[in-house]
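Below is one structure; the comments refer to it alone.
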Amino acid sequence: MSEQPITVIGLGPMGRAMAGAFLAKGHPVTVWNRTASRADDLVARGASLAATPAEALSAGELAVLSLTDYDAMYAILEPAAAALPGKTLVNLSSDTPDKARAAAAWAAGHGARHLTGGVQASPEGIGRPETFTYYSGPRDVFEANRAVLEVLTRTDYRGEDPGLAALYYQLQLGVFWTTSLAFLHALAVARKSGIDAGEILPHLSGTVAGMPDIFGFYASRVDAGQHTGDADRLSMGAASIDHVARTARDAGVDDSLPAAVLALFERGIAAGHADDSFTRLVEHLATPGAA
């Protein structure tokens with residue numbers, strides 16, 4: 001039995017990796033990108049290069065989008081809207097949950113089905129069994145295409161709401177980027193203090209390795225609305241992060257990152273929660289600007 005034809009629109013590093021994974025599994029692959037030369041290697045491996053997005057969509061029912069954001073999708077597909085009826089768009093571009101919901105409605109208005117995806121992998125992780133992608137949208141569309149999508153990564157279906165996959169994806173990115181920036185800040189302070197990255201790395205890695213246990217301990221308390229200060233106190237946390245900011249300044253390093261954290265702690269204290277757990281801040285984060 002011949003493999004399902006697949007269209008891949010967008011050939012940045014991720015799109016090229018995805019098209020390559022489909023080719024490796026024997027799928028006929030049609031690709032399109034504004035800069036056509038990015039398809040050269042894929043064409044050499046057997047992919048077909050479409051001259052236009054409409055031509056790319058006409059190659060089969062399933063189109064995988066790997067673009068900068070959803071605005072890029074509209075810019076590319078609106079001129080090709082006549083080719084959309086009957087198509088399934090698997091949108092693996094990054095954007096907000098509301099943008100994903102609007103895109104699903106837009107696709108439906110043009111006779112197409114839309115699945116939102118949030119890829120939890122780098123291009124190098126495409127095709128590897130330990131990586132996964134969040135999906136949301138119509139369950140029947142997901143199930144019909146599940147085997148093909150699992151060529152790329154494992155799949156984690158989150159539900160019918162097209163915004164859910166984007167939400168889960170952005171939540172992971174929020175933790176990833178803030179943690180990564182904290183890592184860089186620690187390296188900057190260490191280097192200005194005569195400690196190189198290789199020397200401090202095991203110590204920072206040890207701290208991060210303990211975070212799942214900390215998350216697990218506090219997650220159930222947050223769900224229960226339990227913010228008692230038996231395990232930690234907001235006032236102590238504020239003193240601690242103040243010391244982090246002062247250490248950065250003393251080393252001649254920008255302290256804007258710990259200063260932002262300290263400001264949030266101080267906001268909680270000003271609201272009368274000095275003796276509560278730092279988890280009380282989840283309520284302040286949920287109500288921006290509230291006292």
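Check which residues have an amide H placed less than 5 Å from SER48's amide H, if you skip close sequence neighbours.
VAL29, THR30, VAL31
Can you give me the Rg/Rh ratio for the chain, using Cα atoms for both radii and the Kirkwood formula for Rh? If you can, show how the numbers build up before the last one.
Details: Rg = 23.4 Å, Rh = 21.8 Å.
My calculation of the ratio gives 1.07.
Of the listed peptides 155-165, 173-183, 42-52, 3-13, what is their order by residue-averaged count of other C-beta atoms within 10 Å, with the highest listed first? Let's see the in-between values first.
Details: 155-165: 19.1, 173-183: 12.1, 42-52: 15.4, 3-13: 21.5.
The packing order, highest mean first, is 3-13, 155-165, 42-52, 173-183.
Per-residue HN-Hα couplings for region 65-77, Karplus 6.51 cos²θ - 1.76 cosθ + 1.60 at θ = phi - 60°, whole Hz, x for Gly and Pro?
Residue by residue, region 65-77 yields 9, 10, 10, 4, 6, 6, 4, 5, 4, 4, 4, 7, 8 Hz.
Residues with beta-carbon under 12 Å from that of VAL148, excluding VAL148: net charge, scoring Lys, Arg +1 and Asp, Glu -1?
Numbers: positive: LYS25, ARG146; negative: GLU3, GLU61, GLU143, GLU150.
Its environment carries a net charge of -2.
Mind giving me the nanometre distance, one decimal, between the label points for VAL282 and GLU130, set 7 Å out from Cα along Cα→Cβ?
Between VAL282 and GLU130, the label points sit 2.9 nm apart.
Once you place label points 7 Å from the Cα toward the Cβ at HIS243 and LYS192, how far apart are they in nm?
Label-label distance for HIS243 and LYS192, simple model: 1.9 nm.
At a 1.4 Å probe radius, which order do ARG280, ARG246 fall into by accessible area, largest first?
Output order, biggest surface exposure first: ARG246, ARG280.
In nm, to one decimal, how far is the modelled label at ASP98 from the one at ALA263, with both set 7 Å along Cα→Cβ?
Each label point is offset 7 Å from its Cα along the Cβ direction, giving 2.3 nm.
What order, most packed first, do the peptides 62-73, 186-197, 98-109 have when packing is the mean number of other Cβ atoms within 10 Å of each residue?
Working: 62-73: 20.6, 186-197: 15.2, 98-109: 18.4.
Final packing ranking: 62-73, 98-109, 186-197.
Can you compute 3J(HN,Hα) from phi for each residue in region 234-247, using the Karplus curve 6.51 cos²θ - 1.76 cosθ + 1.60 with θ = phi - 60°, rounded to whole Hz and x for Gly and Pro?
4, 5, 5, x, 5, 4, 5, 6, 4, 5, 4, 5, 5, 4
With a 1.4 Å probe and every protein chain kept in, tell me what percent of the accessible surface of the chain is carbon plus sulfur.
On the way: 8550 of 14790 Å².
About 58 percent, which is the carbon plus sulfur part of the accessible surface.
Over region 191-291, what is the relative contact order in whole percent, taking alpha-carbon pairs under 8 Å and six or more residues apart? Provide the component values of the computation, followed by the final result.
Values: 77 pairs, mean separation 31.9, N = 101.
This gives 32 percent for region 191-291.
What's the center-to-center distance, using Cα atoms, between region 101-173 and region 8-54 in Å?
After rounding, the separation between the Cα centres reads 19 Å.
Let a ≥ b ≥ c be the square roots of the eigenvalues of the Cα gyration tensor of region 158-280; is it rounded (a/c under 1.5), or, if not, prolate (a/b larger than b/c) or oblate? Present the calculation step by step, with values, prior to reporting the outcome.
Values: a/c = 1.91, a/b = 1.24, b/c = 1.54.
The shape class here is oblate.
Defining a contact as two alpha carbons under 8 Å apart and six or more residues distant in sequence, what relative contact order in percent does the chain show?
On the way: 459 pairs, mean separation 32.8, N = 291.
About 11 percent, as a whole number.
HN-Hα J couplings of region 129-143 from phi, Karplus 6.51/-1.76/1.60, θ = phi - 60°, integer Hz, Gly and Pro as x?
Computed from phi, the couplings for region 129-143 are x, 7, 8, 8, 9, 6, 10, 8, x, x, 4, 5, 5, 4, 5 Hz.
Counting Lys and Arg as +1 and Asp and Glu as -1, what is the net charge of the other residues whose Cβ lies under 11 Å from the Cβ of ALA63? Could you put the intermediate results ahead of the total?
Values: positive: LYS87, ARG113; negative: GLU61.
So the environment of ALA63 carries a net charge of +1.
Once Rh is set to the Kirkwood radius over Cα pairs, what Stokes-Einstein translational diffusion coefficient, in µm²/s, holds for region 252-291 at a temperature of 10 °C and a viscosity of 1.306 mPa s?
Values: Rh = 10.7 Å.
It diffuses with D of about 148 µm²/s by this estimate.
State the extension gain, in nm to one decimal, for the chain segment bounded by MET211 and ASP275, taking 0.36 nm per residue of separation less the distance between their alpha-carbons. List each step's numbers first, then the result.
On the way: separation 64, 0.36 × 64 = 23.04 nm, distance 2.28 nm.
Full extension from MET211 to ASP275 adds 20.8 nm.
Rank GLU199, GLU55 by accessible area, highest first, at a 1.4 Å probe radius?
Details: GLU199 110, GLU55 85 Å².
Largest accessible area first, the residues go GLU199, GLU55.
The values are calculated or read from the model by the stated rules, or taken from the named source; none is laboratory data. Here the structure is a predicted model, which means the values were calculated and not measured. Virtual Cβ from ideal backbone geometry, glycine too; neighbours counted across all protein chains shown. To get the accessible areas, we keep the full protein, side chains included, count just its heavy atoms, and leave off ligands, DNA and RNA. Shrake-Rupley method; radii C 1.70, N 1.55, O 1.52, S 1.80 Å.
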